Structures are given as structure tokens and as C-alpha cells.
Amino acid sequence: MSRRRKDKRKRKTLKEDQQSYSGSSAAADSVVEESFSEEEPVETEIEQLTGDCAPVEIQGDSWLSRNRENLLLGVLALYVLLLGLGTTGELFEIEWILNLPIFR
């Protein structure tokens, strides 16, 4: 019987919490709506910080530094391809693969 009372008490407090939360969120929404009028445009923080600045190009920003990730990905793909080719040549004893200069 004690357990039922505890469960009933928990459900009651949960309902009260939900009601107080929904009431407080509705009040907060109305306060926010009242604080902004339709006539005044609202600037975001980014717009305030940047203003009308044009993008500035950083000196020393070379092609290599911009494309480093793509180049590393390409080198990795080439390595895996050559590794697979060499493994295939060894497993199946394919002479033309084994005679390539990279596998000698």
C-alpha cells in the first residue's frame, strides 16, 4: 500500500510540474512578443559585429593549404589501390602485376 501512495504522489507532483512549466513558458512567450515591435528591425550579433565589411583575404593562404585535406585523401586512396593491386598479384601469382617497377 505504501508503494501505491508513493506512485500516486509522484504522478501528482509530475502533473503539477507540467502545469507550472506550461504556464511559465506561456508567460515567457508573451513577454518576448511584447518586447519586440514589428516596426523595429532586429539585428543579430553577427550583423552587428561584421557590419558592412567585405571579406578579407588572408595573406599566405596558398592553394596547398586550402586543398591539403583533398590531397591527403587522394594519396590515401592511391595507397590503398596499390596495396590491393600488389596483394592480388601475390595471391593469384599474376606475373604482369609482379613485374611492375613499383613491386620489384
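The values are calculated or read from the model by the stated rules, or taken from the named source; none is laboratory data. Since we're looking at a predicted model, the values are computed, not measured. Virtual Cβ from ideal backbone geometry, glycine too; neighbours counted across all protein chains shown.
Scanning the stretch 87-104 for residues that are surrounded by 10 or more Cβ atoms within 10 Å (Cβ to Cβ) and under 30 Å from LEU64 (Cα atoms) yields a count of 1. When the stretch 1-39 is filtered for residues that are in a helix (DSSP H, G or I), among the charged types (D, E, K, R) and at pLDDT below 65, the ones remaining, listed by number, are ASP29, GLU33, GLU34.
Within the stretch 69-85, is there a residue that is touching a helix residue (DSSP H, G or I) at 6+ places or on another chain (Cβ under 8 Å) and either at pLDDT below 90 or surrounded by fewer than 10 Cβ atoms within 10 Å (Cβ to Cβ) (or both)? Looking through the stretch 69-85, none of the residues is touching a helix residue (DSSP H, G or I) at 6+ places or on another chain (Cβ under 8 Å) and either at pLDDT below 90 or surrounded by fewer than 10 Cβ atoms within 10 Å (Cβ to Cβ) (or both). Can you confirm whether LEU49 is assigned to a helix (DSSP H, G or I) and modelled with pLDDT of 80 or more? Spelling it out, it is not the case that LEU49 is assigned to a helix (DSSP H, G or I) and modelled with pLDDT of 80 or more. Of all residues in the stretch 70-90, those that are over 18 Å from PHE103 (Cα atoms) have Cβ atoms under 8 Å from Cβ atoms of residues that are in a helix (DSSP H, G or I), 6 or more apart or on another chain, in LEU71/LEU64.
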